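Presented below is the structure to which this report refers.
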Amino acid sequence: MLFFHAFTGCDVISAFRGKGKKSAWQTWDVCDEASGVFSKLSQYPPVVDDEDLKTLEKFLVMMYDRSSTAEGVDDARLDMFARKQRPYEAIPPTRSALKQHVKRAAYQAGCIWSQSTVRQPETQTPANWGWTKKGDLWQIVWTELSPIAESCQQLTKCGCKSECCSRCKCYCFGLTCTALCSCRCEV
């Protein structure tokens, strides 16, 4: 249960956009194999292997789209964005981003919370668990992939009905509207 709470978002670990505890719980009801991973990564010391990551990928794909037949999150992202026309912010994270998220959640659940009743807990450095140290502060490692190039701005499209305003997705990302946008702004 500790890892489930951290994985689905808590005070110190990010959540999946638009997916709360309720949708995660409902997904868990139909994805029984996630139980073993949730339990394993709640123990100290947590060890995340490729099989765990594959199971969590399947869980996440099901959380975003129960009808998907995709094997992993990267395939599901392509299917949801290209075929199902889902907006970029409504698709699951990349496998690389998921891996870093899983590391942070496993660190929180397995290294911190699982030892909360231990007088002198054994702790590990967060450096191998989705965090990096910059000066005196720990910062999140969101992904090991390079950011999307500015040349890929055509992947973002707004749904403004007439003219763009401050809520325009393109405006919020600091981009100009493209031919894919439904607004009447000059392209």
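Here, each number is a calculation from the coordinates, and none is a lab measurement. All values reported here derive from a predicted model rather than from experimental measurement. Backbone-built Cβ (ideal geometry, glycine too); neighbour counts: all protein chains shown.
Counting other beta carbons within 10 Å of each residue's own, what order do Lys19, Lys157, Lys133 fall into, fewest first? Walk me through the numbers before you get to the answer.
Values: Lys19 17, Lys157 20, Lys133 11.
So the residues, fewest neighbours to most, are Lys133, Lys19, Lys157.
Label points 7 Å out from Cα along the Cβ direction at Glu51 and Glu89: separation in nm?
Modelled inter-label distance: 3.9 nm.
Starting from the 7 Å offset along Cα-to-Cβ, what nm value, one decimal, do you get for the label separation of Gln26 and Ser116?
2.8 nm
Under the 0.36 nm per residue contour assumption, what length would be gained going from the current alpha-carbon distance of Ala127 and Glu71 to full extension?
On the way: separation 56, 0.36 × 56 = 20.16 nm, distance 2.94 nm.
Extending this stretch completely gives an extra 17.2 nm.
Which of the GluC sites (Glu not before Pro) found in segment 45-132 are loop residues per DSSP with 14 or fewer other Cβ atoms within 10 Å of their Cβ?
Details: sites: Glu51, Glu57, Glu71, Glu89, Glu122; in loops: Glu71, Glu122.
Answer by residue number: Glu71, Glu122.
Which order do Thr8, Thr69, Thr123, Thr178 fall in if you start with the one that has the fewest other Cβ atoms within 10 Å? Can you show the working numbers first?
Numbers: Thr8 21, Thr69 9, Thr123 12, Thr178 15.
Least crowded to most crowded, the residues run Thr69, Thr123, Thr178, Thr8.
Report, in listed order, any pair from Lys19/Lys169; Lys103/Lys133; Lys19/Lys99; Lys21/Lys84; Lys22/Lys133 with a Cα-Cα distance greater than 27 Å.
Values: Lys19/Lys169 20 Å; Lys103/Lys133 15 Å; Lys19/Lys99 18 Å; Lys21/Lys84 24 Å; Lys22/Lys133 33 Å.
In this structure, Lys22/Lys133 exceed 27 Å between Cα atoms.
Say we join alpha carbon atoms closer than 10 Å with springs in a Gaussian network model of the chain; which of Cys31, Cys170, Cys111 then has the biggest fluctuation?
Comparing Cys31, Cys170, Cys111 in the GNM, the peak value goes to Cys170.
Would you mind ranking Ile13, Ile140 so that the residue whose beta carbon has the fewest other beta carbons within 10 Å leads the list? Before the final figure, lay out each step's value.
Numbers: Ile13 19, Ile140 15.
Lowest count first: Ile140, Ile13.
Once you've got the GNM for the chain with C-alpha springs shorter than 10 Å, pick whichever of Thr125, Thr27, Thr143 has the biggest mean-square fluctuation.
Highest fluctuation among the options: Thr125.
Suppose we look only past 22 Å in the calculated P(r) of the chain. What percent of the Cα-Cα pairs does that tail hold? Working shown, then result.
On the way: 9294 of 17391 pairs.
Cα-Cα pairs of the chain separated by over 22 Å account for 53 percent.
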